[in-house]
1. Non-local amide H neighbours of ASP243 (under 5 Å, H modeled in plane, Pro and chain starts lacking H): which ones?
2. Could you give each residue of region 51-65 its phi-based ³J(HN,Hα) in whole Hz, using Karplus coefficients 6.51, -1.76, 1.60 with θ = phi - 60°, and x for Gly or Pro?
3. Which of the chymotrypsin sites (Phe, Trp or Tyr not before Pro) across region 29-111 are loop residues per DSSP, with 16 or fewer other Cβ within 10 Å?
4. Would you grab the residues whose amide H sits under 5 Å from the one on PHE333? Only those 5+ places off in sequence or on another chain, please, with H modelled 1.01 Å from N.
5. Rank these for me by crowding, ASP102, ASP260, going from fewest to most other beta carbons within 10 Å.
6. By counting other Cβ atoms within 10 Å of each Cβ, how are ARG232, ARG332 ranked from fewest to most?
7. Using a Cα-Cα cut-off of under 13 Å, which aspartates and glutamates could be cross-linked to LYS164, ignoring same-chain neighbours fewer than 8 residues away?
8. Give a residue-ordered list of calculated ³J(HN,Hα) values for region 318-334 (Karplus: 6.51 cos²θ - 1.76 cosθ + 1.60, θ = phi - 60°; whole Hz; x for Gly, Pro).
Amino acid sequence: MLQGRKTILWAIVASIGAFASLFLGIRFFRNYQRRPILLRGAVIKQDDDPIKQSPITGVDISEANGLASSGAKSNFTGYFTIPLLRGVGRNDSVTLRFLHPDYVPLDLTELVSDKLTIVHLVPIHKDPQEKAVPVDHPAITVANVRIRYSTESVTQDNIGTGVKTFQIQNVGNVACLNASPCSPDGKWKAAINSESLDAGEGSVFRNARVSCIAGPCPFTRIDNDGFSQGGRYIKVTVRNWSDTTTFLFQAEVFRPQISDLVRMTYPIILGTSLNFTLPPTAEGPSVEAELNGENIIFPLGPIPILSWADCNVSVAKNQAKFYRCELNSGYRFR
């Protein structure tokens, strides 16, 4: 009888657990459905040549029917996200509007889904290099573009050697009798001595070494190695459990020298787009180019501004910089 009651009790508990799981699952599904949906995509330039389909920065993106909680702008890579209002579900129809002063406006109607939206915008002037210009205002030719920047170079100059000799005075074959210091086996009385070297302000030691040069060297040991890693200060401690020994402590002295190195790099030009990257250590970058045969230097500040191109810059986590510039109307690459 008792066993039957236990079986019924377990059946009731299992039923309650199953019902609770079903209830929580339905609630989770409903909450999931109510969560606002994010539409994700990228905006790139329309071109038959994939290599010229460069990302478009600063495109204004909105939902034409008010079904989005906010608008967006495409970033340096052309990426954008549009948050839809709560209640707008999958398979509902939305119309995304893309606006940029240099490109033909576009309205794109599609069903809400998880797919990535890749949008190709057509330039208003398909090729500034071929755009018709007045005879008295011919297109300005941009040629021989190169990027100049400087980096710090640190070299280590060997300016001398640090040398010191020192002794560990002791008398051999004297029983230790537990009177520290002793030999490593605790049998013989020992002596300990330490010496140090200072390379001086702004200098460091390298290739430090310690060697026994006189006395019963086999009965010595380096107790503390404070020299192998180098540095401004180095130190050594030696134990001797026989007669007096002499050691040589020696290292090369190096002083770091900092100098600026001017470096040149060349951008990649694809159609009307100019691309280049700079390392994290780059300083004072500038663009050198020939405009109608005249060589001109254009410094690049934190916000890159060129009179003949519209530029954007993206900074990576390691502080490397990626620049993309689009030719302005009235200019052409040679």
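1. Amide H to amide H, under 5 Å and 5 or more residues apart or across chains, ASP243 pairs with GLY172.
2. Here the 3J(HN,Hα) series is 5, 9, 8, 6, x, 10, 8, x, 6, 7, 10, 8, 9, 5, 9 Hz.
3. PHE76
4. VAL142
5. ASP260, ASP102
6. Lowest to highest Cβ neighbour count: ARG232, ARG332.
7. GLU195, ASP198, GLU252
8. Each residue of region 318-334 in turn: 8, 6, 5, 10, 10, 10, 9, 10, 10, 4, 7, 4, x, 10, 8, 7, 8 Hz.
Values quoted throughout were computed directly from the atomic coordinates according to the rules given, and no laboratory measurement underlies them. Note that the structure is a prediction, hence the values are computed from the model and not measured. Reconstructed Cβ throughout: ideal geometry from the backbone, glycine too, with neighbour counts over all protein chains shown.
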